[in-house]
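The values are calculated or read from the model by the stated rules, or taken from the named source; none is laboratory data. Quick caveat: nothing in here was measured; it's all calculated off a predicted structure. We place every Cβ from the backbone using ideal geometry, glycine too, and count neighbours over all the protein chains shown. To get the accessible areas, we keep the full protein, side chains included, count just its heavy atoms, and leave off ligands, DNA and RNA. Shrake-Rupley method; radii C 1.70, N 1.55, O 1.52, S 1.80 Å.
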Amino acid sequence: MDGVQKAKSGHPGMPMGAAPMAYVLWTRHLKHNPNNPKWFNRDRFVLSAGHGSMLLYSLLHLTGYDLPMEELQNFRTWGSKTPGHPEYGLTPGVETTTGPLGQGFANGVGMAIAQRYLAARYNQPNLGIINYTIYGIVSDGDLMEGVASEAASLAGHLKLGNLVYLYDDNKISIDGSTDLAFTEDVLKRFEAYGWHVVSVEDGNDLSALDEAIRAARDDVGGLPSLIRVRTHIGYGSPNKQDTAEAHGSPLGEEEIKLTKQALGWDPDKQFYIPEEALNNFRKAKEFGKKWEGLWGTQWERYEKLHPELATELKNVLAGNYGDAWLKALPSFKPDAPQATREASGKVLNAIVPHLPTLIGGSADLTPSNNTHVKDMGDFQQTNYWGRYLRFGVREHAMGSLLNGIALTDGMIPYGGTFMIFSEYMRPPVRLAALMGVRPIYVWTHDSIGLGEDGPTHQPIEQLAALRAIPNM
């Protein structure tokens, strides 16, 4: 409340309502190390409801990440590490840039795919060195967006049991009640997708939240999990709880005082954290050291027993892919023109054997895009070792999944579709540029132009396709 009020903009309501579920997740379940935000085997947390960024910033500060109180006090201020939405690469502990609703949801699915592939390739009996979980908080708005539906459908098909999402069901959007446009049975929809679903009727019931997360974390039936949590936006505010007024604007100084009084807080203290509460959260630093230390012991054993795999994994995590793939690149003569999709296919077939973490596919246009590589094997629920992703007719989700995979150290994702469908991918393509991740896009097709005798088909060069998108 204080941060949003000081900035004179922001979303206080979602963090107020979702605080209990975030508390339970971050203090009882999330495996992370604030001393080393980039520890490889950490659990990932995605705040897909990025408008509630102050919730994540508060958690990072409280658990001991390098995000001092001054940064929370500079919320939404130019040059701070606490912008209006979480931004990857800017704030330690932020796993992906969120804000456009649905993108974080789909990024998390991509992260889960990457984890499953890496675990299948590198884990050995009794040495599960890659076993982290992807958690997230998603909102009504996230689940309204089509990209989330595409990604959820694929996650259910793939049985990504390493994916656990808490659904902040506060029934309020900017326009007002979600009853204006969103009245479906969300749990039945996700059950139809093939997810494990459960409902917590009281968002302040810590025991029920703990039990639901524990069951989901334990990989119920190998399914991704959606935990619906019934919350109250702006919880505790005498005049703005359960209203759209708590969604996208400050509560106002008088209402903040009334809310603090209603919650048993000192109304005259701002940005105040009781020492007892801070000490409780800061245990994360001690736990984080232990978790990483235990993992380090496992890693030492892994290096001794499986030196070749250990060396390969260390290299790909460091971005050291060697030069064998460069030497394998085919050369093309300018006097022997060919379709760019053919050239792209030849390049992929040449380099895939030398890049163990190159993984990708096509949005149901494999034969047309030449994106398949012999002997890659399909990535499926029965074969996480496979490297060819069958995205189905889901271009938007494909783009967002590629970003989630690219945000996983060492992974090199690619995806292909026709040029016209690339417009469906515009949001994740722009976000990739903002985050500095570089999925490989294969966009091919023919353009339709008008000649003197009517419509003609003219080939589009891939470079021209890339230049057709602003800011690329």
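Residue-level analysis places SER225 among those that are over 30 Å from ALA7 (Cα atoms), open to solvent by less than 20 Å² (accessible area, probe 1.4 Å) and touching a Lys or Arg at 6+ places or on another chain (Cβ under 9 Å).
Looking only at residues that are more than 16 Å from LEU401 (Cα to Cα), among the hydrophobic types (A, V, I, L, M, F, W, C) and part of a helix (DSSP H, G or I) in region 69-110, which one is nearest to the chain's Cα centre (by Cα)? Among those residues, the one meeting the criterion is LEU72. Give the residues of region 37-50 that are surrounded by 24 or more Cβ atoms within 10 Å (Cβ to Cβ) and without any contact (Cβ under 8 Å) to a residue 60 or more places away in the chain, sorted by residue number. Across region 37-50, the qualifying residue is only GLY50.
Of all residues in region 174-199, those that are surrounded by 14 or more Cβ atoms within 10 Å (Cβ to Cβ) and either within 23 Å of the chain's Cα centre (by Cα) or part of a loop (DSSP other than H, G, I, E, B) (or both) total 13.
Within region 23-55, the residues that satisfy the criterion of being more than 22 Å from GLU292 (Cα to Cα) and part of a helix (DSSP H, G or I) are GLY50, HIS51, GLY52, SER53, MET54, LEU55. Criterion first (over 21 Å from the mean Cα position of the chain (by Cα), at pLDDT below 95 and crowded, with 23+ Cβ neighbours inside 10 Å) does THR444 satisfy it? So THR444 passes the test. All conditions but one from (1) touching a Gly at 6+ places or on another chain (Cβ under 7 Å); (2) open to solvent by less than 20 Å² (accessible area, probe 1.4 Å) apply to GLY89; the one that does not is (2). Of the residues in region 381-401, not one is acidic (Asp, Glu) and surrounded by fewer than 22 Cβ atoms within 10 Å (Cβ to Cβ).
Filtered by the rule that a residue be hydroxyl-bearing (Ser, Thr, Tyr) and assigned to a helix (DSSP H, G or I), region 258-273 gives a lone residue, THR259. Any chance you could count how many residues in region 236-254 are in a helix (DSSP H, G or I) and under 19 Å from ALA22 (Cα atoms)? The number of residues fulfilling the criteria is 1. Here the condition is being within 16 Å of LEU55 (Cα to Cα), under 25 Å from the mean Cα position of the chain (by Cα), among the aliphatic types (A, V, I, L, M) and outside any helix (DSSP H, G or I); of ILE227, ILE233, it holds for ILE233 alone.
Collect the residues in region 92-113 that are of a type in the set (Ser, Thr, Tyr) and open to solvent by 10 Å² or more (accessible area, probe 1.4 Å), keeping them in residue-number order. If the condition is that a residue be of a type in the set (Ser, Thr, Tyr) and open to solvent by 10 Å² or more (accessible area, probe 1.4 Å), then THR97 is the only one that fits.
The condition of being more than 29 Å from the chain's Cα centre (by Cα), in a helix (DSSP H, G or I) and surrounded by 14 or more Cβ atoms within 10 Å (Cβ to Cβ) holds for only one of GLU303, GLU276, GLU292, GLU312, that being GLU303. The combined condition, being buried (at least 16 other Cβ atoms within 10 Å of the Cβ), in contact (Cβ under 8 Å) with a residue 24 or more places away in the chain, touching a Leu at 6+ places or on another chain (Cβ under 7 Å) and in a helix (DSSP H, G or I), is fulfilled by ILE213. Which one of these does VAL164 not meet: (1) of a type in the set (A, V, I, L, M); (2) open to solvent by 10 Å² or more (accessible area, probe 1.4 Å); (3) not in a helix (DSSP H, G or I)? Only one criterion is unmet by VAL164, namely (2).
This table checks each residue for (1) open to solvent by 10 Å² or more (accessible area, probe 1.4 Å); (2) acidic (Asp, Glu); (3) farther than 23 Å from GLY17 by Cα; (4) modelled with pLDDT under 95.
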site: THR27; (1), (2), (3), (4): yes, no, no, no
site: ASN35; (1), (2), (3), (4): yes, no, yes, no
site: GLY52; (1), (2), (3), (4): no, no, no, no
site: LEU62; (1), (2), (3), (4): yes, no, no, no
site: LEU67; (1), (2), (3), (4): no, no, no, no
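Since LEU431 meets every condition but one in (1) at pLDDT 95 or above; (2) open to solvent by less than 60 Å² (accessible area, probe 1.4 Å); (3) more than 19 Å from GLY146 (Cα to Cα), which condition does it not meet? Here LEU431 meets the rest and fails (3).
Table: residues versus (1) buried (at least 22 other Cβ atoms within 10 Å of the Cβ); (2) within 28 Å of the chain's Cα centre (by Cα).
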{"position": "LYS333", "(1), (2)": "no, no"}
{"position": "ALA336", "(1), (2)": "no, no"}
{"position": "GLU342", "(1), (2)": "no, no"}
{"position": "LYS346", "(1), (2)": "no, no"}
{"position": "ASN349", "(1), (2)": "no, no"}
{"position": "PRO356", "(1), (2)": "no, yes"}
{"position": "GLY361", "(1), (2)": "yes, yes"}
{"position": "THR371", "(1), (2)": "yes, yes"}
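Kindly indicate whether ASP378 is open to solvent by 70 Å² or more (accessible area, probe 1.4 Å), among the acidic types (Asp, Glu) and out of contact with any Pro (no Cβ under 7 Å at 6 or more places or on another chain). In short, no. When ASN131, ASN126 are checked against the criterion of being open to solvent by 10 Å² or more (accessible area, probe 1.4 Å), more than 13 Å from the chain's Cα centre (by Cα), modelled with pLDDT of 95 or more and more than 22 Å from MET398 (Cα to Cα), a single residue qualifies: ASN131.
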